[in-house]
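See below for the structure under consideration.
Just so you know, all these numbers are worked out from the coordinates, no wet-lab data involved. What you see is a predicted model; the values in this text were computed from it and never measured. Here the Cβ positions follow ideal geometry from the backbone for every residue, glycine too, while neighbour counts run over all protein chains shown.
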Amino acid sequence: MSNRVRRELFCRHPGNPILSVKDWPYPANSVFNAAAAIVNGKTLLLVRVEDFRGLSHLTAARSDDGVSGWEIDAEPTLVPEPERHPEEIWGIEDPRVTWLEELQKWVIAYTAFSRGGPLVSLATTTDFRNFVRLGPVMPPEDKDAAVFPVRFKGQWAMFHRPVAKLPGMSADIWISFSLDLEHWGDHQEAIHAREGGWWDASKIGLSAPPMETSEGWLILYHGVRTTASGSIYRLGLVLLDLDEPTRVIRRSEEWVFGPKAHYEREGHVDDVVFPCGWVRKGETIFMYYGAADSCIGLATANINELVEFLLKETTTSK
């Protein structure tokens, strides 16, 4: 019992929310669920923006310190193109970005909202102004995807979260592999949703992209608990083997961050914290999260404390 969480491991920024529709240069219903990256020395957020039709697109915001002074693109940065990409007919959502050193480009995994349901699409960029779409890489219903920054035994790896259409089936995190980023196979369940009364029972999904540490891949994921008053989205941690990303070393039993502040508990969707991006500056992790599907919050943590916490966990189950 000595390793039980007595406080949340991430600390909210006192200026939260750091971005909301009042900061936007053009009309929008809400801004949330942003990917994060360090680009040319600045923090870049690729923000999900929902318009007044209920459809989403992506817009870049840049900041010198990752907290304030955001420079937001005057117009949407990446918009749906249903004429050329019919899978984007109802918008594009929830991006995660990964720098691929080998290819010298960023890969963006995002959710395209097709007539058949949400699915995973990929695009690449070198500057977050020009994009090359690779198209859908997973059929619906699938989302919460991010690509690892390195190859494993010559193949790229990607986490994603397919959802079975059969009632009572859990939604788990899967991993798939590819030689070219376009054709994916060797699909395997990687991290399972727990059963019963757990905070992450029945439905989980990847949050921010995998982050490499000396002890393994640090994984941030969300768990969804359905209650009589609705669903609650909270966050947990997993540590994976550096060479075998299907092997779980440790997994947190308790959540490490959940909705507490008013802007997380009340909004377009209540009781949601939903990170799509984090960046590391020295030993500090800056985690950017959608709060109640209405705005963007920032929380920080010491990476060594997160890894140490996980290494003291007793569970190694998927």
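Among the lysines of the stretch 21-311, pairs that are 8 or more positions apart or on different chains and have alpha carbons within less than 21 Å of each other number 8. Its DSSP H runs of at least 4 residues, each contributing -39,500 (n - 2.57), put the calculated 222 nm mean residue ellipticity of the chain at -1000 deg cm²/dmol, to the nearest 500. For the stretch 1-80, chymotrypsin sites (Phe, Trp or Tyr not before Pro) are listed when DSSP marks them as loop and at most 12 other Cβ atoms sit within 10 Å of their Cβ; the list is PHE52.
Across the chain, the volume of the C-alpha convex hull divided among the residues equals 134 Å³ per residue.
Computed from the Cα positions only, the extents of the stretch 177-318 along the three principal axes stand at 41, 37, 36 Å, in decreasing order.
As a proxy for reagent exposure, CYS276, CYS11 were ordered by neighbouring Cβ count within 10 angstrom, fewest first; the result is CYS11, CYS276. Note on PHE309, PHE128: ascending count of other Cβ atoms within 10 Å places them as PHE309, PHE128, the fewest first. In terms of surrounding Cβ atoms within a 10 Å radius of their Cβ, MET158, MET138, MET169 rank from fewest to most as MET169, MET138, MET158.
With a simple spin-label model that places each label point 7 Å from the Cα along the Cα-to-Cβ direction, the separation between LEU179 and THR246 comes to 1.9 nm. Annotation for the stretch 30-116: GluC sites (Glu not before Pro) lying in DSSP loop with at most 15 further Cβ atoms inside 10 Å of their Cβ are GLU83, GLU101, GLU102. Annotation for the stretch 259-316: GluC sites (Glu not before Pro) lying in DSSP loop with at most 10 further Cβ atoms inside 10 Å of their Cβ are GLU283.
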